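Taking it in order: structure first as structure tokens, then the write-up.
The values are calculated or read from the model by the stated rules, or taken from the named source; none is laboratory data. Computed from a predicted model, the values in this text were never measured in an experiment. Note that each Cβ is placed from the backbone with ideal geometry, even for glycine, and that neighbours are counted across all protein chains shown.
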């Protein structure tokens with residue numbers, strides 16, 4: 001090969017390996033799996049690891065958005081949940097208001113401006129940019145068109161919801177990394193016709209993006225909207241109260257896995273997820289008292305309980321991050337640290353270890369199976385269990401010894417190991433006959449937060465790293 005040809009070939013190789021991936025390549029459209037239980041992206045398993053970045057559009061400038069996205073990308077997150085409109089006066093410090101006179105039927109757009117120049121882009125230009133930058137970081141943006149208070153205040157109605165819904169759908173239907181979250185911390189049985197009109201309008205124009213409904217605390221979208229054609233997957237808010245604080249009738253306390261258990265019984269089968277559990281560093285019950293505070297161990301517990309119960313992923317939240325708190329400003333729920341420090345909260349960094357484990361095994365075949373656990377405990381002592389054809393996972397939040405019914409997966413012998421939810425490290429236990437009942441004792445002293453996941457794999461299968 002001549003020097004010139006070699007140089008051209010080297011340049012072509014360098015260009016091919018350094019040219020940035022397109023948004024479609026990094027964030028292909030999400031689809032529901034054929035069995036109706038999980039999500040896929042570009043035909044591959046997709047684990048929804050969400051973060052509640054609710055007030056991003058009203059609080060952050062572009063440099064801060066980049067910092068936030070880059071950090072969550074490094075930590076393995078895949079979805080950012082964002083409010084498009086929190087209040088009628090919603091505005092961004094760089095762009096001004098989102099609406100004309102707080103009217104959802106009149107988005108404040110400025111045709112003819114240059115959306116690349118500071119001071120010339122409007123709120124919706126800025127949202128366009130946020131969506132595109134999220135895609136560049138491999139992140140999907142789950143957009144809440146209007147928080148529930150809009151319907152409660154009659155600012156969003158059956159009459160104007162179709163106007164606003166059409167505006168959103170036409171503007172964002174071609175973005176690959178969009179998910180729609182109808183509602184917004186609201187009762188599904190209130191303003192039901194308004195939310196239905198918004199969902200139906202968006203879906204009638206945007207046929208490709210998935211949509212769900214974010215309900216009020218301790219309720220589930222499936223309660224009212226499971227059969228709605230516009231609802232592709234269910235979402236529930238397990239809420240922020242502890243067992244003692246939860247006095248609502250028919251609520252499940254901290255047992256977020258119960259919502260998933262209920263949704264798995266519904267037909268048609270639809271994926272389900274905890275879209276808002278207790279946030280790390282937020283008081284129990286939110287504004288009931290200032291202390292105690294939910295910790296990283298609690299965030300892990302909610303995630304592992306829900307995913308092993310059959311959720312297609314999990315949404316995490318941190319108190320300062322969800323409202324992008326800066327010390328000294330007015331805030332809700334007594335945040336103690338800046339949102340930048342909140343990004344480094346231990347629970348947020350530990351979420352990826354659950355995602356990595358679930359994606360390391362055959363994905364779509366996975367089912368919840370509590371028959372794996374013999375003589376299970378309740379509340380914090382309950383051991384959650386799931387399995388595929390040749391593997392099983394059992395999670396103990398307290399690290400107390402527990403018995404497993406062997407023989408529920410393939411193989412004459414199984415390879416057993418402990419997986420640390422705090423570090424993602426694995427400790428081999430040994431290989432055992434795959435029959436009878438066997439006692440497993442997690443490392444450490446039993447206590448809330450000494451959580452461990454038992455991994456059982458068919459010993460004849462290729463070892464999973």
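At a glance:
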{"quantity": "Residue check for residue 409: part of a strand (DSSP E or B) and surrounded by fewer than 20 Cβ atoms within 10 Å (Cβ to Cβ)", "calculated": "no"}
{"quantity": "Among (1) buried (at least 21 other Cβ atoms within 10 Å of the Cβ); (2) in contact with a helix residue (DSSP H, G or I) (Cβ under 7 Å, 6 or more places away or on another chain), the one test that residue 192 misses", "calculated": "(1)"}
{"quantity": "Test: residue in segment 187-194 that is in contact with a strand residue (DSSP E or B) (Cβ under 8 Å, 6 or more places away or on another chain) and at pLDDT 95 or above", "calculated": "no"}
{"quantity": "When residues of segment 422-439 are limited to those that are in a strand (DSSP E or B) and either over 31 Å from the mean Cα position of the chain (by Cα) or not assigned by TED's automatic domain parsing to the domain that holds residue 393 (or both), the one nearest to residue 348 (Cα to Cα)", "calculated": "429"}
{"quantity": "Those strands (runs of 3 or more DSSP E) lying entirely in segment 95-213 with at least 2 residues free of Cβ contacts under 8 Å to residues at least 60 places away in the same chain", "calculated": "103-107, 178-186"}
{"quantity": "Candidate set from segment 447-463 (those that are part of a loop (DSSP other than H, G, I, E, B) and touching a helix residue (DSSP H, G or I) at 6+ places or on another chain (Cβ under 9 Å)); member that is farthest from residue 350 (Cα to Cα)", "calculated": "448"}
{"quantity": "Some residue of segment 25-43 being modelled with pLDDT under 95 and outside any loop (DSSP other than H, G, I, E, B)", "calculated": "yes"}
{"quantity": "Qualifying positions in segment 369-403 - touching a strand residue (DSSP E or B) at 6+ places or on another chain (Cβ under 7 Å), in a loop (DSSP other than H, G, I, E, B) and farther than 18 Å from residue 450 by Cβ", "calculated": "369, 375, 390"}
{"quantity": "Unmet requirement for residue 252, which otherwise passes all of (1) surrounded by fewer than 24 Cβ atoms within 10 Å (Cβ to Cβ); (2) closer than 17 Å to residue 312 by Cβ", "calculated": "(2)"}
{"quantity": "Residue 252 vs. criteria modelled with pLDDT under 95, in contact with a helix residue (DSSP H, G or I) (Cβ under 9 Å, 6 or more places away or on another chain) and closer than 22 Å to residue 386 by Cβ", "calculated": "yes"}
{"quantity": "Residue that is closer than 27 Å to residue 33 by Cα and surrounded by fewer than 20 Cβ atoms within 10 Å (Cβ to Cβ), where the choices are 262, 242, 234, 220", "calculated": "262"}
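Each row is one residue, and each column tells you yes or no for (1) modelled with pLDDT of 95 or more; (2) touching a strand residue (DSSP E or B) at 6+ places or on another chain (Cβ under 8 Å); (3) assigned by TED's automatic domain parsing to the domain that holds residue 322.
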| residue | (1), (2), (3) |
| --- | --- |
| 55 | yes, yes, yes |
| 59 | yes, no, yes |
| 64 | yes, no, yes |
| 72 | yes, yes, yes |
| 81 | yes, yes, yes |
| 84 | yes, yes, yes |
| 87 | no, no, yes |
